[in-house]
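Written out below as structure tokens is the structure these notes cover.
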Amino acid sequence: MNIRKRWTSAPVGAGLAAALLSSCSLQSEGGAAEPGKSIVVGMSDDVLAADPASGYDPGSWLLFNNVFQSLLSFPRGSSTPQPEAAKSCTFEDGNRTYRCTLRDGLTFSNGHNLTSEDVKYSFERAIRIDDPAGPAPLLSTIAKITTPDERTVVFQLKVPDATFPSKIASGAGSIVDHSEYPANSLRKDGKAVGSGPYKLKSLDKSKAVFTVNSGYQGTARVKNSGITLDFFRGDQKKLASALQNGDIDVAYRGLTARDISKLEDSAAAANKGIDVVEGTSAEVQHLVFNMKDPVVGQLPVRKAIAYLVNRDALVSEVYHSTATPLYSIVPAGITAHNTAFFDMYGGSPQPAKAEEALRTANITDKVKLTLWSTPSRYGPATDEAFRTIAKQLNASGLFDADVKSLPFDQYEKRIAAGELGVYVKGWVPDYPDPDNFTQPFFGKDNVLQNRYVNNDITSRIIPDTAAKAERGSTEKDFSELQEDVAQDLPILPLWQGKQYAVAQDNIAGLEWTLDASTVFRFWEISKY
């Protein structure tokens, strides 16, 4: 199975100063909101695809989550999927069969009825197209789909998969009109026809315009009359200026600490308040080791690095406390989170233990090392972060580390070819379950491409945990997995992000759009 992933393009809100957050306020739902007002949201990401059979980037999934319905969805603040287009869904046959009954009266934004035929068509189409940037890997456990009647759809699974509801509650489960989307190829006109709370009115390189879908039948309660997404294509200064000038109502993904400081000190910000809203996130970033590399392929070298990396300094100096140190594969807030790497390597630099690890392998000279980055994908802070890590390693006197960066396409090709020894990978989950932080990393054809093999993880832990419907019962197995990985060190967790949105003070509801599900809910935002 070839796994693709919605790699994060940069730490969400990376660089927002912690000092600013003490004076920030969360908007409440009280007061006299005017649902009729439209809202302009600026973001640094692009929307790379309007067809849910493609597009694994954050911008595209933002579109999917608001224009299309899935059978299930994640309610605000919850990691447990609930019925959305479905009236009910249940497992049968030991988690190998999943049966859903659709709501009554579902229609697409073009007026066509939404039936079980469309559900079946949508899933089979995504699997058949298998776009390199698409969600097909999340649907890989589907063996067969049947539709006993217009409102019933039955998924036969290849193996027991208790995570299946979470997978189809994500953008991968988007339902399309079978008469609007070609069966064997992507729709390429930039249009979208769904049954979600919003309709896509237009999409170009500068913006996307969404209007409310009056025919929507589901759980969302829309609190505005439409959303316009303005794309700033990585131009953080322009994004900050737009917020300052009142050209946008909300800045989502992209402002730095310096931008925020300027906004708060400016006359415009003084005359019209600006709020910084903080939310939870399961976004993570890891240092990845090529297990076949002649240098870091040696466990003592990886252990020495693990003993020396100072995460506290990293998140404080580079990310201005908009991230937290991460010592586990499964992040905080997700079932089975633990502190395996803290327990094994400590929370502060230990040069003596690092030196001891190297000496056990008879390594007495400074270890020459290059840390590889790709700021075009993960943002300029990534280079700064890697320079900070290199400085930490070199300060021990045990390493001679430097940093190099590449354009993303070259970066990925060289990783696939096994040419990079130490590199960065960022991760935004598809669904808030420990499976999504382990199976793609350590399963067959894993996305890290670092040549790590652990048969106990791939043959026992991953399939056993996938079969357990009660997700709390997986904690022991996932804890064992994380302890094994901490011992083997194919990756070193660095930080877990937080989510931020910065808005004019007449905007409410943003706190309900920023949680571990990563669903940015347009419908929760209102303007006063």
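The values are calculated or read from the model by the stated rules, or taken from the named source; none is laboratory data. If you're wondering where the values come from, they're calculated on a predicted model, not measured in any experiment. With ideal geometry, Cβ positions are generated from the backbone for all residues, glycine too; neighbour counts draw on all protein chains shown. All accessible areas refer to the heavy atoms of the entire protein, side chains included, with ligands and DNA or RNA removed. Shrake-Rupley method; radii C 1.70, N 1.55, O 1.52, S 1.80 Å.
Some notes on this structure:
- Simple spin-label estimate for GLU180 and ASP149 gives 2.7 nm between the two label positions (7 Å along the Cα-to-Cβ direction from each Cα).
- Principal axes of segment 116-222: Cα extent on each, largest first, Å: 43, 32, 25
- Relative contact order computed over the chain (Cα-Cα under 8 Å; 6+ residues apart), in percent: 24 percent
- Over 20 Å (Cα to Cα) - which of LYS158/LYS468; LYS444/LYS476; LYS37/LYS207 fall in this group: LYS444/LYS476
- Per-residue 3J(HN,Hα) values for segment 225-240, derived from phi via the Karplus relation 6.51 cos²θ - 1.76 cosθ + 1.60 with θ = phi - 60°, read 9, x, 10, 10, 9, 9, 8, 10, 6, x, 7, 5, 5, 5, 5, 5 Hz in sequence order (x marks Gly and Pro).
- Overall dimensions of the chain by Cα: Rg and Dmax, Å: 23.2, 72
- Shape category assigned to segment 368-526 from the gyration tensor of Cα positions, a/c cut at 1.5: oblate
- Relative contact order of segment 81-232, defined on C-alpha pairs under 8 angstrom at six or more residues apart (%): 23 percent
- Under 5 Å, built H, 5+ apart or other chain: amide partners of ASP402: LEU369, THR370, LEU371
- Within the accessible area of segment 104-255, the carbon and sulfur atoms contribute 45%, probe 1.4 Å, all protein chains present.
- Extension gain, ALA416 back to LYS201 (0.36 nm per residue minus Cα-Cα distance, nm): 73.5 nm
- Under 20 Å from a label point set 7 Å out along the Cα-to-Cβ vector of GLN217, the amide N atoms of segment 151-176 belong to 151-154, 174-176.
- The length gained on full extension between GLU124 and ASP464, counted as 0.36 nm times the residue separation minus their Cα-Cα distance, comes to 119.8 nm.
- Over the chain, dividing the summed -39,500 (n - 2.57) contributions of all DSSP H runs of at least 4 residues by the number of residues returns a 222 nm mean residue ellipticity of -7000 deg cm²/dmol.
- Accessible area per residue in Å² at 1.4 Å probe, computed on the chain: 38 Å²
- Most to least packed among 449-458, 167-176 [average Cβ atoms within 10 Å]: 167-176, 449-458
- Probe 1.4 Å - accessible area at ASP247, Å² to nearest ten: 100 Å²
- Principal axis dimensions, segment 123-162 - Cα atoms, whole angstrom, descending: 33, 23, 13
- Here the accessible area is traced with a 1.4 Å probe on the protein chains. For segment 350-462, carbon and sulfur cover 47 percent of it.
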